[in-house]
Amino acid sequence: EDPIPGSIEGLAAVAAVGVRVLLTSSIFYGDDTEAARAARLDWLTDQGFDPDMVTFTSDRADLAAACLAEGRRVYALTTRPETFATIEAVGASVYLLSQPWNAEFVTDHRVASVKEFAARVVEDRSPG
C-alpha cells in the first residue's frame, strides 16, 4: 500500500513552518504488537517518513490533550469521524481527510488532501 498522495510533501511543508509533526498509529495485535509496530515503522521509513515522527498510541485525543497542556498548538488530520470528534473535544484543530466512508460526517474542517491540510496549517501559522 502506498502512502496517501502528497503526504510526505505536505507534512514537510508543515514541519518547515516550525510545527512538530507526529504520525500516530494504534497497532495492537496481542502478542505480535511489537512485530507489527516494527513492520509499520519500517514501512513508513521506506516511504520516506522520518521514524522519529512516529508515535504508537491507542488514544490520539490523550496525546493531543497532553500537547495542549504543554502550551503547544495541535493540528490533527484523520480519516475517521470518531477520532475527529474525540480530538476536537479536547480543543485541538482537527481536520477530516475526505474518504468515501466519512462522506456523511458534517464538518467545516474537511480537506480533500494532505496538501490542503498543510496549506491550512501554514496559513494559520502565518503572521497577520
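The values are calculated or read from the model by the stated rules, or taken from the named source; none is laboratory data. Computed from a predicted model, the values in this text were never measured in an experiment. Neighbour counts are summed over all protein chains in view; Cβ atoms, including those assigned to glycine, are modelled from backbone coordinates with ideal geometry. Only protein heavy atoms, including side chains, enter the accessible area calculation; ligands, DNA and RNA are left aside. Shrake-Rupley method; radii C 1.70, N 1.55, O 1.52, S 1.80 Å.
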Next item on the list: Quick one: count up the residues across segment 104-128 that are closer than 20 Å to G18 by Cβ, exposed (fewer than 10 other Cβ atoms within 10 Å of the Cβ) and either of a type in the set (A, V, I, L, M, F, W, C) or in contact with a helix residue (DSSP H, G or I) (Cβ under 6 Å, 6 or more places away or on another chain) (or both).
Entry: 0
Checklist line | segment 1-18, residues that are part of a helix (DSSP H, G or I), under 20 Å from D42 (Cα atoms) and in contact (Cβ under 8 Å) with a residue 60 or more places away in the chain | finding: S7, E9, L11
Check: Can we say A65 is open to solvent by 60 Å² or more (accessible area, probe 1.4 Å), among the aliphatic types (A, V, I, L, M) and not in a loop (DSSP other than H, G, I, E, B)?
Finding: no
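Rundown of residues vs (1) on the phi > 0 side of the Ramachandran plot; (2) in contact with an Asp or Glu (Cβ under 7 Å, 6 or more places away or on another chain); (3) open to solvent by 60 Å² or more (accessible area, probe 1.4 Å), yes/no style:
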site: D2; (1), (2), (3): no, no, yes
site: A36; (1), (2), (3): no, no, no
site: G48; (1), (2), (3): yes, no, no
site: M53; (1), (2), (3): no, no, no
site: D59; (1), (2), (3): no, no, no
Next item on the list: Could you list all residues from segment 20-57 that are closer than 22 Å to C67 by Cα, in a loop (DSSP other than H, G, I, E, B) and either among the polar types (S, T, N, Q) or modelled with pLDDT of 85 or more (or both)?
Entry: S26, T57
Next item on the list: Test S98 against the criterion of being polar (S, T, N, Q) and open to solvent by less than 30 Å² (accessible area, probe 1.4 Å), and give yes or no.
Entry: no
